[in-house]
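The values are calculated or read from the model by the stated rules, or taken from the named source; none is laboratory data. A quick note: this is a predicted structure, and the numbers were derived from the prediction, not measured. So basically every Cβ, Gly included, is an ideal-geometry build from the backbone, and we count neighbours across all protein chains shown.
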Amino acid sequence: MRYAYLGPEGTFTEAAVASLAGSPRPDEVQPVPYPSVGATLAAVRSGEAERGVVPVESSVEGIVTATVDDLTGAGDLLIRAETTLPIEFALLATPGTALEDVKTVGGHPQAEAQCRRWLAANLPGREWVPLASNAEAARRAAEGELDAALAGEFAAARYGLSLLAPAVHDRSNAVTRFLVVAPPGELPAPTGSDRTSLAAFLVEDHPGALME
């Protein structure tokens with residue numbers, strides 16, 4: 001079964017796929033990276049993949065708007081499952097790089113938000129480069145386009161990087177919720193712990209509308 005996920009290889013979403021691989025069996029799961037949330041969900045809609053795994057909510061930064069916008073706007077997908085993954089960031093760089101050598105740091109915008117205090121204390125004034133994923137930042141650091149990347153520590157081995165600083169996240173209990181989506185079909189039998197997701201929109205924007 002092909003599982004599309006927000007890539008490239010080495011993202012937290014790939015780690016979420018691995019955590020979900022108990023059913024079906026791990027040897028029946030073929031993870032396939034895609035460059036964006038939209039491309040991941042489009043792969044499921046087109047039949048390129050049987051399942052898609054995307055982030056939907058961070059305990060630090062809130063909803064992932066790209067996921068919610070796509071699911072509510074384009075439709076035609078069924079949420080089959082979800083999983084929650086602890087999020088821990090490390091600062092990765094090419095071997096031999098010292099902290100004082102770092103002038104540019106890249107990662108997903110949510111990575112910067114979750115490591116803001118550490119960056120201000122340890123790398124003040126460095127240039128932040130926002131990218132589509134933390135693994136993309138790791139890849140660019142490996143190719144010399146960035147001095148360092150914020151990513152999961154597991155991405156270091158994937159891209160031949162060294163661990164410059166571990167545990168650079170500001171909150172030790174941060175988690176991200178990931179959804180598993182599939183093409184439309186018959187709903188699974190109730191389990192007693194199911195969820196239904198609703199998206200609500202304001203018809204008219206005025207003071208007090210959200211309260212109403």
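Structure notes:
- Residue list for segment 10-34, restricted to those being at pLDDT below 90, under 28 Å from Ala90 (Cβ atoms) and not small (Gly, Ala, Ser): Leu20, Pro26, Val29
- Counted residues, segment 59-106 - those being without any contact (Cβ under 8 Å) to a residue 60 or more places away in the chain, in contact with a Leu (Cβ under 9 Å, 6 or more places away or on another chain) and part of a strand (DSSP E or B): 3
- Looking only at segment 162-212, residues that are in contact (Cβ under 8 Å) with a residue 60 or more places away in the chain, among the β-branched types (Val, Ile, Thr) and surrounded by fewer than 10 Cβ atoms within 10 Å (Cβ to Cβ) come to 0 in all.
- Candidates Arg45, Arg80, Arg51, Arg126: the one that is of a type in the set (Lys, Arg) and outside the structural domain of Glu28 (by TED's automatic domain parsing) is Arg126.
- Exactly one residue among Val37, Val54, Val29 is touching a residue at least 60 places away in the same chain (Cβ under 8 Å) and among the hydrophobic types (A, V, I, L, M, F, W, C), and that residue is Val54.
- Applying the criterion of being part of a loop (DSSP other than H, G, I, E, B) and touching a strand residue (DSSP E or B) at 6+ places or on another chain (Cβ under 7 Å) to the residues of segment 109-135, the residue that is nearest to Thr11 (Cα to Cα) is Ser133.
- Flag not set for Ala43, criterion: in a helix (DSSP H, G or I), touching a helix residue (DSSP H, G or I) at 6+ places or on another chain (Cβ under 9 Å) and not polar (S, T, N, Q).
- Residue selected from segment 118-136 under the condition among the hydrophobic types (A, V, I, L, M, F, W, C) and modelled with pLDDT of 95 or more, by the criterion surrounded by the most Cβ atoms within 10 Å (Cβ to Cβ): Leu123
- One residue alone among Leu92, Leu77 is surrounded by fewer than 23 Cβ atoms within 10 Å (Cβ to Cβ) and of a type in the set (A, V, I, L, M, F, W, C), and that residue is Leu77.
- Residue count for segment 80-89 under the criterion of being more than 14 Å from Asp170 (Cβ to Cβ) and surrounded by 14 or more Cβ atoms within 10 Å (Cβ to Cβ): the result is 5.
- Selection status of Thr72, more than 13 Å from the chain's Cα centre (by Cα), polar (S, T, N, Q) and within 30 Å of Leu119 (Cα to Cα): no
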